[in-house]
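Since every read-out is calculated from the coordinates, none of them should be taken as a lab result. None of the values given here were measured: they were computed from a predicted structure. Cβ sites come from the backbone with ideal geometry, for glycine too, and all protein chains shown count toward neighbours.
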């Protein structure tokens, strides 16, 4: 079985802070990590590898420093890593990114399952997975919490707002996973880390993947960022700490009634 | 690189370095240098005090004639024979956009025997309903719905398409955008019209909600966006309104649909429908044990609220994942969010900070949740919850 | 003299740090409170490959250097000293002597599973009446045909009852005294090999310490480690290496204590300012830092000497004696910085102080360490 996992190196946005004076993002000291949902995706792939003996390739479109993220994935047990990197990819929105990933996957050859994480925690769009599947003309299932394969039939549990669907689909398929108990990412091993450290990561350029230059990077992006701003901060409201709980509750409900909230 | 620093003008003040959300700018030999991770977002352009940074306009080759595209479409998502709230909300907002642009608003309704919903769609403000009914469309499927919707777009050329950012909406939106080759902006929290160009300005959170970005789709059509539930208000329904139903035949065959729906397992009742809830009461690790969620449920019942949970409670197995609010769970924006025994870790705040009003109950007065709460009680939730439930009951009765 | 860690060493240090923070920290307080030896967590630590860091690839290890392994012990011990000593015993006290004295078959059979993470090891030397006076062994091994029959008991054995492989010392020739001791490899489950009570200790509650009981245990003669009469030498050289691990454990405990003291001193307000602004407290912290850095250099140097195949016995003893002594001092001072709160179990420093004490005692009391050091210095050179 041939499996590809698309990953992205992202800043740890839960560590990002806002400067209280200037109300701008403080980027310094924020570590770069493998997008957490992509780790769930890799875990899903590695479980299939453990069970059925598959070859797992991790691929990422990014700048040279993304190699560190790919090495993290190798240390968890992925077999091969490829960085797709080119100045021409700069400024890409999700459509342009998915074009590059699709071209890269086509170059890899026959692939049975493509795993993606639900969304990247910096862009937060959740679009690249489905768009890549469309370019490749293959089926997709999103919000997957659990899956298994028998012969070439995939069965997944797909999360909905109030439960889950059980869906069957034939290979090839793109699977976008959520953080679920089934896909808790494994801790890397010492041997894995040491081997990954020594591995030379292959780098593919736009020419290597035969990317259509009109469909990549800023040129290939139908959406453009017009403005970036920090949202107004929520300010701390009223904290009630009366001598007794009864009094605190009464005070709170009085205030709510005043502001016509709930009451 | 399309963002350029003029070396002559640059004074090396470093303001751009701090402003860049992607850490792409460094100062080298006293001048700002833009590196590989630049995404051309333009944040630096705005803050440079000496206007030393410019963003080059890049000409995108376009094959679409924008003038041919008109009207606002809303994807009508249904569940158990009813319209989802978010579709109503989008019709309400869509109506405003249509009025501003002097264009029509249409609902796109796919399914099996769903025609009866048309009157609700008109009542919410639509001028037209594109109705595609077929057995194959009874349940949502990526292949079925993408094909039908894309064909409709090719045939009727809407200028704007709005889709609710539900699980299905976020499955469908990008697939359509990719098939058509147009721009899609995800998870929007605000929409506007640029007066000059008549383009839609889509505003959405990024970086886990730490920054907001306004996105445009200048040359490609339709301009597409997924919008979060509870961002816009449901419109007042006017059943005197009527409109035109445009029936379109479905071309989708069963063999075109590659995913087969085998079963649907409902994990909880309406109490955990967080997306449509106006009030959510959430419990966290502070509850101590799973049985104590009863206290949350009692309060929720009195308030007519849905029940949510923090990641800690879900990880401990007290509630299913569909109840989880936060970065790896659901993002909600109810009118009122009551956080009980939840410390307010960043990952949780990401999921609920766009609530209108936040009320927090926690025994630790230094808990971060109090920094974003509009109202807070410092106290033991096991004590507070039963008493506050009683008090609400009493006051609501009179 | 290079004071920087190599890339590989930094990577393993970082990995151990992440393991400690993600896997060990969340449950440490509970496990300490309830005296839980978490088999699952130990299993995860082994599976991550920490046992195999400095074991050659030919025996299932990662072929890394000795300092990398010591860094791992240090990092784990900052969060969970019990896990730190479990790792140290696995590698230095169990796999170690087999690597140094074992046959090829013994290495494949017993070192490989430890390196690959499926087995835990232990080292049984101490007896109720033989502590520092290790030569007075009462456990006896008698050769009968193809087997040795072992009778006796051991006490205070770390990983006891949980380990799969045990290095056990027994008297094969009472008449020869020191030279009558031999080393054996025992497996959990061998008939007659049972475990006594689990010790209830002052600290180290997340590690397990038990008695080993031998009642006519039949041990195949292939399981003799080294030669008959080499036992004492094997024990001493093994402990030489093991004490670097204990030194690293003590170092980790001390570092954690200092970090807590720094944090608390900045938060605690008295007389209108943080107590860190008072010289008395600031100087205490400076002294902690001096001691810890000095200990760190001693530990790392001992590890590097061993790695280079150079004599390291005196340096290992210095590292162990110093690191454990300062760990006791630093943790005591940390409790002092916390004041009354430090004495309560709501705060972590009392646990660190309780845990530090044993490092001055096991794997050779600090008195023994001083014997080793002074012996080396005062010996007449020929």
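Across peptide B:273-281, the average count of Cβ atoms from other chains found within 10 Å of a residue's Cβ is 1.
Legend: ranking of residues C:92, B:159, A:60 from fewest to most surrounding C-beta atoms inside 10 Å; resulting order B:159, A:60, C:92.
Centroid-to-centroid, using Cα positions, segment A:133-176 and segment B:132-194 are 19 Å apart. Note on chain A: antiparallel DSSP beta bridges, both residues inside, total approximately 45 percent of the bridges counted. Across peptide B:367-376, the mean count of Cβ atoms from other chains lying within 10 Å of each residue's own Cβ comes to 5.
Compute the FRET efficiency between residue B:4 and residue C:266 as 1/(1 + (r/R0)^6), taking r as their Cβ-Cβ distance and R0 = 45 Å, and round to the nearest 0.05.
0.50
A simple spin-label model places the labels of residue A:2 and residue B:193 5.0 nm from each other, with each point 7 Å out along Cα-to-Cβ.
First check a/c for the protein assembly as shown, with a ≥ b ≥ c the square roots of the eigenvalues of its C-alpha gyration tensor; if it is under 1.5, answer rounded, and if not, answer prolate when a/b is larger than b/c or oblate otherwise. Since a/c reaches 1.5 and a/b is larger than b/c, the shape of the protein assembly as shown is classed as prolate. Across peptide B:136-142, the mean count of Cβ atoms from other chains lying within 10 Å of each residue's own Cβ comes to 2.
Based on the Cβ-Cβ distance of residue C:174 and residue C:100, what FRET efficiency does E = 1/(1 + (r/R0)^6) give at R0 = 35 Å, to the nearest 0.05?
Calculated value: 0.85.
Rounded, prolate or oblate, given the Cα gyration tensor of chain B, with a/c below 1.5 counting as rounded? The shape class here is oblate.
Every helix of 4 or more DSSP H residues in chain B counts as -39500 (n - 2.57), and over all residues that averages to -7500 deg cm²/dmol at 222 nm. Need one number: nm distance between label points at residue C:2 and residue B:248, each 7 Å from Cα along Cα→Cβ, rounded to one decimal. That separation, rounded to one decimal, is 6.7 nm.
Cβ-to-Cβ counts within 10 Å put C:212, C:378 in ascending order as C:378, C:212, the fewest first. Classify chain A as rounded, prolate or oblate, taking a ≥ b ≥ c as the square roots of the eigenvalues of its Cα gyration tensor: rounded when a/c is under 1.5, otherwise prolate if a/b is larger than b/c and oblate if not. The shape class here is prolate. The stretch between residue C:201 and residue C:376 holds 59.6 nm of extra length on full extension. This uses 0.36 nm per residue minus the Cα-Cα distance. Paramagnetic label reach from residue C:194 (point 7 Å along Cα→Cβ; backbone nitrogen cut-off under 19 Å): within segment C:131-145, residues C:139-140. Tell me what chain A gives for mean residue ellipticity at 222 nm when only DSSP H runs of n ≥ 4 count, each as -39,500 (n - 2.57), the sum divided by the residue total, rounded to 500 deg cm²/dmol. Helices in chain A give a 222 nm mean residue ellipticity of -9000 deg cm²/dmol.
When only alpha carbons are used to place a centre, segment A:193-237 and segment C:202-256 end up 53 Å from one another. Here residue A:28 and residue A:203 are evaluated by their C-beta separation; at R0 = 35 Å the FRET efficiency comes out at 0.80. Each of B:143, B:356 was scored by other Cβ atoms within 10 Å of its Cβ. Listed from fewest to most, they are B:356, B:143. At what distance in angstrom do the alpha carbon centres of segment B:282-312 and segment B:31-83 lie from each other? So the separation of the two Cα centres works out to 41 Å.
Segment C:224-337 gives an Rg/Rh value of 1.19, both radii derived from C-alpha positions and Rh following Kirkwood.
From most to least packed by mean Cβ count within 10 Å, the peptides B:98-104, B:218-224, C:78-84 give C:78-84, B:218-224, B:98-104.
Peptides B:279-290, B:171-182 ordered by packing proxy, namely the average of other Cβ atoms within 10 Å per residue, highest first: B:171-182, B:279-290.
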